[in-house]
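> Below: one structure in C-alpha cells.
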Amino acid sequence: MGNVTSSVRGYLGYAPEASPADLVDTSPSDTEDEEEREEVTSDDVHLEPVEGISSGDQPNNTQAAKQLEGKCPNEGLVWDIDITDFNKPATQNTKGKKKKKKAQDAQTNESAPTKKHLSKIAQAKLINKGIPYTPPSNQATSELMGQRKVLDLKRWYCMSRPQYKTSCGLSSVVSCWNYLFSKLGVGNLRPITQEEALVILGFHGPDFSAIRFGPFTGNATLMRWFRQINDHFKVRGRTYYLYKPNGLNKTYGVTSESALKSLKAGLAGDETCFIYHCQNHYFCPIGYEDVPLLACDAYRCPLSQEEVETWILIGDPSRKHPGMHCKKWEDVSTDLNCQNPDYMDIRRLEKGMMKRNTKKVGGNLHCIMAFQRSHYKGIKDIRDSLEVGAGGENNRNEPASQSVICNKRVMKVIESEEVPSSNSESECMSESEDSSD
C-alpha cells in the first residue's frame with residue numbers, strides 16, 4: 001500500500017471517536033487488528049456512496065464514518081484508488097525539441113529576407129530613380145593596380161622576427177642587409193642571422209638576451225653597424241636620413257610630401273631599404289597602398305597624390321605586436337614632426353598625443369633612415385675606370401689637366417657619400433634613447 005499512497009484519490013473518513021493518530025499508529029499492540037484486517041476480503045466490504053457528496057468534493061468525515069459503521073473491521077477508514085495516472089503515457093521534454101526546431105528554421109530562413117529588409121531594399125532602390133546614369137567601365141590590370149599597391153614579399157621574407165629583448169635596432173639592420181645583399185632578398189650572398197651579426201660586431205654569446213641594447217642603440221649606431229657588416233663581407237653600401245624634420249641631423253629642405261615621394265620610390269624599387277625610428281622602437285617599412293578618396297575610383301589608374309590617401313606597410317621584428325602594421329602617412333608625418341615633450345606612439349595610436357616627463361624642450365629622435373647598396377666594388381675600381389675613361393675617344397680633345405681635376409672632384413663626392421662625418425655621428429650618439437619592444 002505504501003507504494004501507491006501518492007496516487008490515492010477518493011474518500012477518506014475518520015470515525016468521530018477515532019483520531020488521526022490512532023488511524024496511523026502501527027505499534028505492536030495492534031497486531032490483533034492487523035490480523036483481522038488481513039482476513040477481510042473484497043467480498044466482505046461494500047462501499048455505498050454518500051448522498052450529496054461527489055467524488056471530487058471533500059467528504060464529511062462524520063457521515064462517511066456512520067455509513068461504514070459495522071461493515072468494515074477498521075471502522076471509519078476507506079479509500080478508492082485512482083489508477084488513471086498509471087496508464088497515462090510518459091510526458092516528453094518538448095522544450096529542447098522546440099528550441100532545436102526553431103534554430104533549424106532560423107538557419108533555413110537566414111538567407112530569406114524579411115518584410116522589413118525588403119522594404120529597406122525597396123526604399124534604397126527608389127533613391128535617384130529617374131536620373132539617367134551609365135556606370136563607368138574600367139580597364140584595370142594587375143600592372144596598373146601594382147602601382148598603387150606595392151609589397152615586395154622578399155622584404156617580408158627578410159624580416160628578422162622575433163627579436164631579442166630591446167634588439168629591435170639590430171634586428172632591423174639585419175633585415176635590411178639580408179634584403180639588399182643575400183639570396184633571401186635581391187643579392188647573391190647567403191643570409192645572415194642576428195647571432196652572426198652580433199658576433200661580427202664584437203658581442204659575445206650565446207646568451208644575447210642578457211644584453212641591454214637600449215642604452216647604447218641610436219640612429220648613428222645603426223648606420224655604423226650596417227657599415228661594419230658590409231666591411232666584413234666586403235660589400236659596399238650607403239645610409240642616410242631620408243626624413244628627420246626636428247633635432248640634430250635635421251633634413252633641411254625635405255617636406256612631408258617630398259619624403260613620401262622618396263619613400264614610395266624606394267619601396268617600389270629594390271635598391272633601398274628603410275628603418276623607421278618611432279617611440280622606443282625600430283622597424284622596417286616594406287610597402288604601401290594608395291587608397292582613392294572616392295569609391296568610384298576603386299579601379300581607376302593612374303591617380304594623382306591629391307586623389308589618394310597613402311597607407312604605409314611596416315614590418316615589425318617584435319613578436320609582441322602584429323607582424324605587419326598599416327599606418328597612414330599622415331600619422332607617420334605627425335609622429336616625426338612632434339617636438340619634446342609632445343610625442344606620439346605610432347604603434348598605439350589609440351593613446352593619442354602624449355607628453356614626456358622631461359625637462360628637455362624641442363627636438364625629436366624619430367626619423368626614417370635609408371639603407372642602399374652600391375654596385376661598384378670599391379674606390380680603387382672607380383679610380384681605375386675614371387683613368388681609363390680619361391684617355392678615351394670622348395676626351396681626346398680635352399686637356400689632361402682638366403680630366404685629372406674632374407676625376408679628383410668625383411672621388412671627393414664618392415668618399416663623402418660613403419663615410420659619414422664623425423661629428424654628425426657623435427651628435428646622434430649623444431641623443432640616443434632606449435629602444436624596446
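The values are calculated or read from the model by the stated rules, or taken from the named source; none is laboratory data. This is a predicted model, so every value here is computed, not measured. Glycine gets a Cβ as well: all are built from the backbone with ideal geometry, and neighbour counts include every protein chain shown.
> What tally of residues in segment 255-290 results from selecting those that are surrounded by fewer than 16 Cβ atoms within 10 Å (Cβ to Cβ) and of a type in the set (Val, Ile, Thr)?
Number satisfying all stated conditions: 1.
Here is a yes/no grid of residues against (1) closer than 25 Å to PRO317 by Cα; (2) in a strand (DSSP E or B):
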| site | (1), (2) |
| --- | --- |
| THR251 | no, no |
| SER258 | no, no |
| TYR288 | yes, yes |
| VAL291 | no, yes |
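> Which count do you get for residues in segment 341-357 that are within 18 Å of LEU248 (Cα to Cα) and not acidic (Asp, Glu)?
Counting residues in segment 341-357 that are within 18 Å of LEU248 (Cα to Cα) and not acidic (Asp, Glu) gives 2.
> I've got another one for you. If you take the residues in segment 205-236 that are surrounded by fewer than 17 Cβ atoms within 10 Å (Cβ to Cβ) and of a type in the set (S, T, N, Q), which one is farthest from SER374 (Cα to Cα)?
The extreme case among them is SER209.
> Right, something else. Collect the residues in segment 335-358 that are charged (D, E, K, R), surrounded by 16 or more Cβ atoms within 10 Å (Cβ to Cβ) and under 21 Å from the mean Cα position of the chain (by Cα), keeping them in residue-number order.
Selection gives ASP345, ARG347.
> State which residue pairs qualify: first residue of a type outside the set (A, V, I, L, M, F, W, C) and inside segment 140-162, second residue assigned to a helix (DSSP H, G or I) in any location, beta carbons under 6 Å apart, and separation of 6 or more residues or different chains.
From segment 140-162, the pairs are ARG155/TYR179; SER160/SER171; SER160/VAL174; SER160/SER175; SER160/GLN194.
> Go through segment 131-237 and tell me which helices (runs of 4 or more DSSP H), entirely inside it, have 2 or more residues that are closer than 14 Å to TYR282 by Cα.
168-181, 219-233
> Tell me, yes or no, whether segment 317-334 has at least one residue that is surrounded by 19 or more Cβ atoms within 10 Å (Cβ to Cβ), outside any strand (DSSP E or B), of a type in the set (A, V, I, L, M, F, W, C) and without any contact (Cβ under 8 Å) to a residue 60 or more places away in the chain.
Checking segment 317-334: at least one residue is surrounded by 19 or more Cβ atoms within 10 Å (Cβ to Cβ), outside any strand (DSSP E or B), of a type in the set (A, V, I, L, M, F, W, C) and without any contact (Cβ under 8 Å) to a residue 60 or more places away in the chain.
> For segment 238-249, what are the residues that are part of a loop (DSSP other than H, G, I, E, B) and either surrounded by fewer than 16 Cβ atoms within 10 Å (Cβ to Cβ) or not small (Gly, Ala, Ser) (or both)?
The answer is LYS244, PRO245, ASN246, LEU248, ASN249.
> Same structure again: Scan PHE283, PHE274 and give me the residue that is assigned to a strand (DSSP E or B), under 15 Å from TYR179 (Cβ atoms) and within 21 Å of the chain's Cα centre (by Cα).
Checking each option against the conditions leaves just PHE283.
> Please verify whether TYR299 is in contact (Cβ under 8 Å) with a residue 60 or more places away in the chain, surrounded by fewer than 19 Cβ atoms within 10 Å (Cβ to Cβ), more than 26 Å from GLY214 (Cβ to Cβ) and hydroxyl-bearing (Ser, Thr, Tyr), treating the condition exactly as stated.
So TYR299 passes the test.
> Same structure again: Looking only at segment 127-154, how many residues end up being touching a Leu at 6+ places or on another chain (Cβ under 8 Å) and of a type outside the set (A, V, I, L, M, F, W, C)?
The qualifying residues number 3.
> To continue, here is another question. Taking VAL361 as the residue in question, decide whether it is surrounded by fewer than 12 Cβ atoms within 10 Å (Cβ to Cβ), β-branched (Val, Ile, Thr), in the same structural domain as CYS158 (by TED's automatic domain parsing) and out of contact with any helix residue (DSSP H, G or I) (no Cβ under 6 Å at 6 or more places or on another chain).
yes
> Of the conditions (1) farther than 30 Å from VAL308 by Cα; (2) surrounded by 14 or more Cβ atoms within 10 Å (Cβ to Cβ), GLY202 satisfies every one except a single condition; which number is it?
(2)
Here is a yes/no grid of residues against (1) within 21 Å of TYR241 (Cα to Cα); (2) in contact with a Phe, Trp or Tyr (Cβ under 8 Å, 6 or more places away or on another chain):
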{"residue": "SER167", "(1), (2)": "yes, yes"}
{"residue": "SER182", "(1), (2)": "no, no"}
{"residue": "VAL186", "(1), (2)": "no, yes"}
{"residue": "GLY214", "(1), (2)": "yes, no"}
